[in-house]
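For reference, the structure is listed below as structure tokens.
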Amino acid sequence: MMNRDEEVLLRVQDVINRTGLSRATIYEKMARGAFPPSVKIGKRAVAWRSSDISAWIKSLSPASDEKDKGVRR
């Protein structure tokens, strides 16, 4: 059984599933420095550290959540 603190490498489909972003958006945001960089794991294979993706998700502004709930500032 995997420890929750254990680092896991996520392939692009896993990142798509966790973030809701498209493949193109992930790479576009990476190019702008607005998304965690991938790590090379093979000749033609890349992955992302699960901790980097979790931190990116946590860094998102809660404003979109508030807008969806009808909260006004």
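Things to note:
- Available extension along the chain between residue 17 and residue 49 is 10.1 nm, counting 0.36 nm per residue and deducting the alpha carbon span.
- Heavy atoms of residue 54 accessible to a 1.4 Å probe, total area in Å² rounded to 10: 30
- Within the assembled protein chains, the solvent-accessible surface assigned to residue 23 is about 120 Å², based on a 1.4 Å probe.
The values are calculated or read from the model by the stated rules, or taken from the named source; none is laboratory data. As the structure is a prediction and not an experimental result, all values here were calculated from the model. Just the protein is used for accessible areas: all its heavy atoms, side chains included, with ligands, DNA and RNA removed. Shrake-Rupley method; radii C 1.70, N 1.55, O 1.52, S 1.80 Å.
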